[in-house]
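Read through the structure below, which is laid out as structure tokens, and then see the notes.
The values are calculated or read from the model by the stated rules, or taken from the named source; none is laboratory data. Remember, it's a predicted structure, so these values are computed and weren't measured experimentally. Ideal geometry is used to build each Cβ from the backbone, glycine not excepted, and the neighbour counts take in all protein chains shown.
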Amino acid sequence: MANWQRSLSDAFWTLDRLLGGQRRPTRIQKWTARHPIGTGFCVAVPYALFFFWLSSPEPENLWKAALGGLAMGFVFVPFVLLERLRQRRLMRLGIWDGP
């Protein structure tokens, strides 16, 4: 691994520790780490309904609402994957024994 990649990784984990990353995950954090696509879907549907409710109920606005919800789901999935990495790190360090 290149030095800049290693330093970026170290910076991420240092920031994670400063934000409380050494704590045991909550029940919701465990579920989201196990089901990243389901989490994205659970976020996308309410946002799509919200976007559809904001716009007038016409068929062309349904596509805009669906795309807006999908965009929000795609925003949440990388953060869920980072949570999965955090939980793997806690298990590797012996801080947490897993689900």
Which of (1) surrounded by 12 or more Cβ atoms within 10 Å (Cβ to Cβ); (2) farther than 30 Å from Gly94 by Cα does Ser56 not meet, given it meets every other one? (1)
Report yes if Trp63 is among the aromatic types (Phe, Trp, Tyr) and either more than 28 Å from Trp13 (Cβ to Cβ) or modelled with pLDDT of 90 or more (or both), otherwise no. yes
Exactly one of Arg6, Arg24, Arg17 is among the basic types (Lys, Arg) and assigned to a loop (DSSP other than H, G, I, E, B), and that one is Arg24
Candidates Pro46, Pro57, filtered to the one that is of a type outside the set (A, V, I, L, M, F, W, C) and either within 22 Å of the chain's Cα centre (by Cα) or part of a helix (DSSP H, G or I) (or both): Pro46
Do we have any residue at all in region 15-32 that's among the hydroxyl-bearing types (Ser, Thr, Tyr) and touching an Asp or Glu at 6+ places or on another chain (Cβ under 7 Å)? yes
Residue list for region 76-98, filter: in a helix (DSSP H, G or I), free of Cβ contacts under 8 Å to residues at least 24 places away in the same chain and either farther than 24 Å from Val43 by Cα or among the small types (Gly, Ala, Ser) (or both): Met91, Arg92, Leu93
Scan region 15-40 and report the pairs whose first residue is within 19 Å of Arg92 (Cα to Cα) and whose second residue is at pLDDT 95 or above and of a type in the set (D, E, K, R), with Cβ atoms within less than 7 Å and a gap of 6+ or a chain change. none
Being more than 16 Å from the chain's Cα centre (by Cα) and modelled with pLDDT of 90 or more: is that true of Met91 here? yes
Test set (1) among the hydrophobic types (A, V, I, L, M, F, W, C); (2) at pLDDT below 85; (3) touching a Pro at 6+ places or on another chain (Cβ under 9 Å) - Leu54 fails condition number: (3)
Number of the condition not met by Thr32 [criteria: (1) in a helix (DSSP H, G or I); (2) at pLDDT below 90; (3) among the polar types (S, T, N, Q)]: (2)
